[in-house]
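The values are calculated or read from the model by the stated rules, or taken from the named source; none is laboratory data. Predicted model only: the values in this text are computed from it and were never measured. Cβ placement follows ideal geometry from the backbone for every residue including glycine, while neighbour counts extend to all protein chains displayed.
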Amino acid sequence: MSVKIRVEGLYKKFDKREVIHDINFDVKEREVFVIVGGSGSGKSTVIKHIIGLLKPTSGKVLIDSTDITSLKDSELIEFRKKIGYLFQEGALFDSLKVWENVGFYYLENTKMPISEIKKLATEKLALVGLKDIEDLYPSQLSGGMRKRVALARAISYNPEIILYDEPTSGLDPVTSAMIDRLVLKLRDEIGVTSIVVTHDLESAFSIADRIMYIHKGRVIAVGTPEEIKNSPNPYVQQFINRLPEGPITQEFFEEIKTKGGR
Ligand SMILES: Nc1ncnc2c1ncn2[C@@H]1O[C@H](COP(=O)(O)OP(=O)(O)OP(=O)(O)O)[C@@H](O)[C@H]1O
Ligand SMILES: [Mg+2]
């Protein structure tokens, strides 16, 4: 399989604080690549670089061999049409109805008749298990429903690449399993290449072709679910086995001490 996405020597500083340190990875066409790591480890920051919402301090992001970090704004906007992005916060437009949110791409970029856009929105909403909510506003939905509307929007224009930031957080187990199945279905039926950021280890292990574990902006391990399970790295073991004690916890308390906290 050819390489679809390549991240090379990615560094990111916000002001003087370095949050991403020399991250390198490839995602192959049709791969489901899952990124896991603790809160604040840099997962969302990494995928924001892949859609060009953030510019690296140094490093490259190649998509189909084009370095998107060197594109002009207008070229980047065009390039983004290949990519669906589910924001961690959902980021729906509050003043637009559900169907307008889901059909936003078509309202903005095409002359498709409204009736067809509505129909398409209904179809995409069905894929994420929602119906009869087209004319509601985001504020009238539950948190899990908003998340799924955002997911319907991310997949609405059949992008080649989908970046999912915490697609199952806040969802019940059955709905989460349905979303997992949808990620695989999009891969199998349309050939989508996926990057999934998640805290949900059960989901990670069930959908991933490969998993990358990051800690404090650094890659600690990358491999198949089997390789990650068998990784000898103590950070990986603590994380995947949800152990309250281990190197991650020690670092946490060290930090509190050095910052003069409790
Ligand atoms: N725009 C920004 N300006 C300054 N610092 C930022 C910005 N975005 C992220 N950070 C910092 O970068 C670090 C990584 O943040 P990021 O959102 O990537 O973490 P994450 O792994 O996605 O965490 P979570 O699992 O909680 O979503 C954090 O310390 C955060 O405070
Ligand atoms: Mg995040």
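Would a scan of region 16-30 turn up a residue that is without any contact (Cβ under 8 Å) to a residue 12 or more places away in the chain, within 27 Å of Ser139 (Cα to Cα), in a loop (DSSP other than H, G, I, E, B) and not aliphatic (A, V, I, L, M)?
No, because not a single residue in region 16-30 is without any contact (Cβ under 8 Å) to a residue 12 or more places away in the chain, within 27 Å of Ser139 (Cα to Cα), in a loop (DSSP other than H, G, I, E, B) and not aliphatic (A, V, I, L, M).
Against the definition (of a type outside the set (A, V, I, L, M), surrounded by fewer than 18 Cβ atoms within 10 Å (Cβ to Cβ), within 22 Å of Leu86 (Cβ to Cβ) and within 16 Å of ligand 2 (Cβ to nearest atom)), how does Ser39 come out, yes or no?
Criteria met by Ser39.
Tell me whether region 55-74 contains one or more residues that are within 11 Å of ligand 1 (Cβ to nearest atom), assigned to a strand (DSSP E or B) and under 30 Å from Val236 (Cα atoms).
No - not one qualifying residue is present in region 55-74.
In this structure, is Ile133 in contact (Cβ under 8 Å) with a residue 24 or more places away in the chain, hydrophobic (A, V, I, L, M, F, W, C), more than 16 Å from ligand 1 (Cβ to nearest atom) and in contact with a helix residue (DSSP H, G or I) (Cβ under 6 Å, 6 or more places away or on another chain)?
Yes: the conditions hold for Ile133.
Being surrounded by fewer than 21 Cβ atoms within 10 Å (Cβ to Cβ), over 24 Å from Leu184 (Cα atoms), of a type outside the set (A, V, I, L, M, F, W, C) and out of contact with any strand residue (DSSP E or B) (no Cβ under 8 Å at 6 or more places or on another chain) narrows it down to one of Lys81, Lys60, Lys16, so name that one.
Just one listed residue meets the conditions, Lys16.
So, in region 10-36, exactly how many residues are under 18 Å from Pro167 (Cα atoms) and at pLDDT below 95?
The total comes to 0.
Residue-by-condition table, conditions (1) assigned to a loop (DSSP other than H, G, I, E, B); (2) within 16 Å of ligand 2 (Cβ to nearest atom); (3) touching a residue at least 40 places away in the same chain (Cβ under 8 Å):
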{"position": "Thr175", "(1), (2), (3)": "no, no, yes"}
{"position": "Leu182", "(1), (2), (3)": "no, no, yes"}
{"position": "Ile195", "(1), (2), (3)": "no, yes, yes"}
{"position": "Phe205", "(1), (2), (3)": "no, no, no"}
{"position": "Met212", "(1), (2), (3)": "no, yes, yes"}
{"position": "Ile228", "(1), (2), (3)": "no, no, no"}
{"position": "Phe239", "(1), (2), (3)": "no, yes, yes"}
{"position": "Thr249", "(1), (2), (3)": "no, no, no"}
{"position": "Phe253", "(1), (2), (3)": "no, no, no"}
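Tell me, which helices (runs of 4 or more DSSP H) wholly within region 84-170 include 3 or more residues that are more than 19 Å from the chain's Cα centre (by Cα)?
98-102, 104-109, 114-127
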